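*Asks:* If you scroll down you'll find the structure; I have some questions about it.
The values are calculated or read from the model by the stated rules, or taken from the named source; none is laboratory data. On a predicted model such as this, the values are computed, not experimentally measured, just so you know. Note: ideal-geometry Cβ built from the backbone for every residue, glycine included; neighbour counts use all protein chains shown.
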Amino acid sequence: MTTQSTTEMPTVGIGATIWRVIKSFGLLKESWVGMIGIFLVLFWVLVAIFAPLIAHFDPNASIMPFAKPGTVDTSGYTFWLGTDHMGRDILSRIVWGSRTVLTFAPLATLSAYSVGILMGLMAGYRGGLIDDILSRISDIILSFPVLVLYIIVIATIGASGLNIVIAITFASSPGIMRIVRGLVLDLRNRDYVAAAQTRGESDWRIMLFEILPNARGPLIVDACLRLGYVIITIGVLGFLGLGLPPPDPDWGGMVNETRQMAMVFPHMTLFPCIAISSLILGFNLLADGLREISLRD
Amino acid sequence: MVQLLFKRIGFMIFTMIVVSIILFLLLETGLTGDPATRVLGNFASDEQKESWRDQHGYNQPVVIRYAKWLGNFATGNLGTSIRYKGPVKDVLLPRLWNTAILGFWTFAIMIPLSLILGVLSGMKEGSLLDRTISVFGILTTSVPEFASAVFFSALFVFGLKWLPGTSSMAGGFEFKQLILPAMVLVVYDFGYVARMTRASMAEVMQSQYVRSAVLKGLPYRQVIIRHALRNALIAPFTVIMLQINWLLSGVIVVEFFFAYKGFGALLLEASLNNDIALLEACAMVAVVVAVGSQTIADIGYTFLNPRIRFT
């Protein structure tokens with residue numbers, strides 16, 4: 001009887017949490033800023049999912065170099081956004097590039113959040129020496145200029161998708177830890193935590209099922225902002241030549257490869273920049289809309 | 001106050017030492033690849049590598065090497081750059097000066113702009129002006145520096161042909177070449193400072209003393225200037241100092257894009273070319289500037305805010 005009730009509790013908690021998250025996204029229609037944000041994000045998510053259907057050309061195939069936007073291919077298809085110096089269709093590369101960004105950015109953010117939340121819960125709930133050590137470590141990492149940190153890490157461990165995720169986790173989990181720690185310090189003195197402690201639940205259970213779900217509001221807003229920021233980071237690393245190795249399309253890398261020709265063929269750099277900016281704008285507007293709604297309640 | 005000063009400076013030194021250890025471990029030991037291979041290239045023979053290691057003292061114990069390395073650093077002997085075939089110091093100093101010029105102009109434009117916009121939108125929270133400024137701020141912070149550099153180049157260089165597209169200053173210093181890099185940095189950074197100023201101003205506007213100043217019939221202008229602004233501008237001071245940290249990241253992108261011969265481009269170049277001595281020096285400079293500005297921000301905040309100063 002008692003075991004049954006304890007095993008059921010978390011699923012109800014998680015289900016309810018997910019339901020509340022969906023409902024708070026539903027509330028977004030009250031904020032036009034948030035609506036634009038969710039529209040932009042959904043647009044790119046759909047583009048990424050249906051990339052093979054939208055992109056007519058192979059993103060890595062050399063077809064016709066230096067074609068201006070609107071040039072018609074010999075087979076009758078139009079290069080709507082032109083081609084780059086290697087004759088690759090820019091529209092197809094942008095469409096396929098959205099997959100790259102929307103795979104690695106959420107992955108890196110998720111990884112940073114997993115580490116940051118665990119550190120924050122430990123530091124905030126346990127306190128004491130663990131808190132001191134974790135806080136000092138995060139102070140030191142956060143005092144670094146971020147891009148300098150990325151450059152050093154990537155330059156020493158090499159550029160690859162996994163290494164970008166590792167570098168982003170390393171650089172942003174301390175910031176997440178600070179936020180979680182602050183929220184936990186506020187929440188750990190609540191009655192329901194005391195009740196769980198009296199029930200004899202383990203520390204981790206209390207942290208993950210009692211405290212964390214109640215800290216979700218600010219964390220969701222922060223996750224949206226951070227997702228936008230991670231996309232900037234991936235773009236900047238690609239632009240600096242430290243991103244994913246070529247030839248697979250990556251928005252930042254596309255700008256890097258063609259920036260020397262931007263004075264003559266501005267379309268090569270312009271369109272990837274519009275793509276990345278609109279996606280980041282989407283996440284930032286979404287975060288703003290969510291914050292506005294959370295302040296209203 | 002004095003205690004805080006010591007605590008902050010102590011932490012600053014502690015951070016720098018930890019960072020130097022991390023840098024040393026990453027770049028000077030075999031942890032992430034053999035330094036000899038990194039310097040001599042993949043095709044060097046084992047004897048060559050061995051003699052290089054001997055010559056540069058790489059066969060000594062790690063602790064002794066670290067102590068020597070740190071000693072050299074502290075006394076200003078930054079080593080030799082492989083790429084520039086000369087002392088790191090001679091390469092680094094002119095580059096730092098160039099970046100300082102760029103940073104100065106960026107801040108000279110960004111600070112007044114973001115403070116004015118922040119105060120204006122914080123004065124009347126939720127007004128049309130407030131919403132416009134905040135959405136505009138989100139818009140500009142959503143565009144990565146390299147993208148706004150592309151947009152501005154397309155407009156001012158390719159379209160209107162007003163400004164030069166590169167800032168290499170090949171024919172001596174030219175102010176015109178500084179405009180685009182500074183503009184990109186200002187546009188990316190001002191939104192955040194404006195938002196922080198707005199939050200601080202909005203908080204002050206709801207405080208008791210501003211309300212009583214309004215209620216006792218002072219002119220609105222005087223309430224803002226003499227009562228609200230003084231307190232509202234304490235928090236942005238910290239934010240602006242911390243912005244130096246962001247600027248160090250921004251200059252890397254902007255200097256690379258516009259081929260400006262500054263510190264950020266040098267750091268990137270050093271890392272791409274495995275120029276270890278140069279990379280270490282650049283990274284240490286970046287950390288010293290970042291941690292130093294944070295320390296000044298903390299101490300300055302305490303000094304400016306009497307509520308903390310006297311407790």
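*Asks:* Of all residues in segment B:112-141, how many are closer than 18 Å to residue B:225 by Cβ and either surrounded by 15 or more Cβ atoms within 10 Å (Cβ to Cβ) or of a type in the set (Lys, Arg) (or both)? Before the answer, list the steps.
*Replies:* Let us first name the residues in segment B:112-141 that are closer than 18 Å to residue B:225 by Cβ, namely B:112, B:115-124.
Adding the requirement that they be either surrounded by 15 or more Cβ atoms within 10 Å (Cβ to Cβ) or of a type in the set (Lys, Arg) (or both) leaves B:115, B:117-124.
Qualifying residue count, segment B:112-141: 9.
*Asks:* Okay, moving on. For segment B:159-184, how many residues are within 20 Å of the chain's Cα centre (by Cα) and either among the β-branched types (Val, Ile, Thr) or in a loop (DSSP other than H, G, I, E, B) (or both)?
*Replies:* 3
Residue-by-condition table, conditions (1) more than 30 Å from residue B:255 (Cα to Cα); (2) over 22 Å from the mean Cα position of the chain (by Cα); (3) among the aliphatic types (A, V, I, L, M):
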{"position": "A:142", "(1), (2), (3)": "no, no, yes"}
{"position": "A:145", "(1), (2), (3)": "no, no, no"}
{"position": "A:160", "(1), (2), (3)": "no, no, no"}
{"position": "A:170", "(1), (2), (3)": "no, no, no"}
{"position": "A:180", "(1), (2), (3)": "yes, no, yes"}
{"position": "A:186", "(1), (2), (3)": "yes, yes, no"}
{"position": "A:190", "(1), (2), (3)": "yes, yes, no"}
{"position": "A:197", "(1), (2), (3)": "yes, yes, no"}
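*Asks:* With segment A:77-196 as the region, which helices (runs of 4 or more DSSP H) entirely inside it contain at least 2 residues that are crowded, with 22+ Cβ neighbours inside 10 Å and charged (D, E, K, R)?
*Replies:* Correct list: empty, since no element meets the threshold.
*Asks:* Hey, another quick one. Are any residues in segment A:43-59 surrounded by fewer than 15 Cβ atoms within 10 Å (Cβ to Cβ) and either in a loop (DSSP other than H, G, I, E, B) or among the aromatic types (Phe, Trp, Tyr) (or both), and if so, which ones?
*Replies:* Correct list: A:43, A:50, A:58.
*Asks:* With the requirement that a residue be aliphatic (A, V, I, L, M) and out of contact with any helix residue (DSSP H, G or I) (no Cβ under 9 Å at 6 or more places or on another chain), what does segment A:111-149 give you?
*Replies:* A:129
*Asks:* Check off (1) within 20 Å of residue A:141 (Cβ to Cβ); (2) surrounded by fewer than 20 Cβ atoms within 10 Å (Cβ to Cβ); (3) among the hydroxyl-bearing types (Ser, Thr, Tyr) for residue B:271 and give me the number that stays unchecked.
*Replies:* (2)
*Asks:* Do the conditions hold for residue A:249, that is, is it closer than 24 Å to residue A:48 by Cβ, touching a Gly at 6+ places or on another chain (Cβ under 7 Å) and away from chain B (no Cβ under 14 Å)?
*Replies:* When the stated conditions are applied, residue A:249 passes them.
*Asks:* Filter segment B:236-277 for residues that are outside any helix (DSSP H, G or I) and more than 9 Å from chain A (Cβ to nearest Cβ) and give the result.
*Replies:* B:259, B:260, B:261, B:262, B:273, B:275
*Asks:* What do you reckon, is residue A:236 within 13 Å of chain B (Cβ to nearest Cβ) and more than 27 Å from residue B:273 (Cβ to Cβ)?
*Replies:* Against the criterion (within 13 Å of chain B (Cβ to nearest Cβ) and more than 27 Å from residue B:273 (Cβ to Cβ)), residue A:236 does not qualify.
*Asks:* Taking the options B:226, B:195, name whichever one is modelled with pLDDT of 85 or more, out of contact with any Pro (no Cβ under 7 Å at 6 or more places or on another chain) and surrounded by fewer than 23 Cβ atoms within 10 Å (Cβ to Cβ). Steps first, please.
*Replies:* On the way: B:226 fails: modelled with pLDDT of 85 or more.
After applying the criteria, what remains is B:195.
*Asks:* If you don't mind, there's one more thing I want to ask. Give all pairs with beta carbons closer than 8 Å in which a residue from segment B:86-115 that is without any contact (Cβ under 8 Å) to a residue 12 or more places away in the chain meets a residue that is assigned to a strand (DSSP E or B) and buried (at least 21 other Cβ atoms within 10 Å of the Cβ); count only pairs at least 6 apart in sequence or on separate chains.
*Replies:* Final answer for the pair search is B:87/B:81.
*Asks:* Kindly state which helices (runs of 4 or more DSSP H) lie completely within segment B:72-158 and contain at least 3 residues that are more than 14 Å from chain A (Cβ to nearest Cβ) and in contact with a Pro (Cβ under 8 Å, 6 or more places away or on another chain).
*Replies:* B:88-123
*Asks:* Among all residue pairs at least 6 apart or on different chains, which show Cβ distances below 8 Å where the first residue, located in segment B:121-133, is under 21 Å from residue B:189 (Cβ atoms) and the second is surrounded by fewer than 15 Cβ atoms within 10 Å (Cβ to Cβ)?
*Replies:* Between residues of segment B:121-133 that are under 21 Å from residue B:189 (Cβ atoms) and residues that are surrounded by fewer than 15 Cβ atoms within 10 Å (Cβ to Cβ), the close pairs are B:121/B:127; B:121/B:129; B:130/B:124.
*Asks:* On to the next question. I'd like to know if segment A:214-225 contains one or more residues that are within 14 Å of another protein chain (Cβ to nearest Cβ), in a helix (DSSP H, G or I), within 30 Å of residue B:165 (Cα to Cα) and out of contact with any strand residue (DSSP E or B) (no Cβ under 8 Å at 6 or more places or on another chain). Can you show your working first?
*Replies:* The first filter runs over segment A:214-225 and keeps only residues within 14 Å of another protein chain (Cβ to nearest Cβ), leaving A:221, A:224-225.
Checking the rest, the ones that are also in a helix (DSSP H, G or I) come to A:221, A:224-225.
Applying the additional criterion that residues be within 30 Å of residue B:165 (Cα to Cα) yields none.
The answer is no; no qualifying residue exists.
*Asks:* Follow-up question, since we're still on this one. Filter segment A:257-274 for residues that are modelled with pLDDT of 90 or more and more than 9 Å from chain B (Cβ to nearest Cβ) and give the result.
*Replies:* Hit for segment A:257-274 is A:271, nothing else.
*Asks:* Can you name the condition, by its number, that residue B:59 falls short on among (1) within 14 Å of another protein chain (Cβ to nearest Cβ); (2) loosely packed, with under 12 Cβ neighbours inside 10 Å?
*Replies:* Going through (1) within 14 Å of another protein chain (Cβ to nearest Cβ); (2) loosely packed, with under 12 Cβ neighbours inside 10 Å one by one, residue B:59 breaks only (1).
*Asks:* Within segment A:120-135, identify whether any single residue is away from every other protein chain (no Cβ under 14 Å), farther than 30 Å from residue B:275 by Cβ and under 23 Å from the mean Cα position of the chain (by Cα), and answer yes or no.
*Replies:* Within segment A:120-135, one or more residues are away from every other protein chain (no Cβ under 14 Å), farther than 30 Å from residue B:275 by Cβ and under 23 Å from the mean Cα position of the chain (by Cα).
*Asks:* Then there's this: Tell me the residue from B:213, B:202 that is within 14 Å of another protein chain (Cβ to nearest Cβ) and either out of contact with any strand residue (DSSP E or B) (no Cβ under 9 Å at 6 or more places or on another chain) or not in a loop (DSSP other than H, G, I, E, B) (or both), please.
*Replies:* Matching residue, one of B:213, B:202: B:202.
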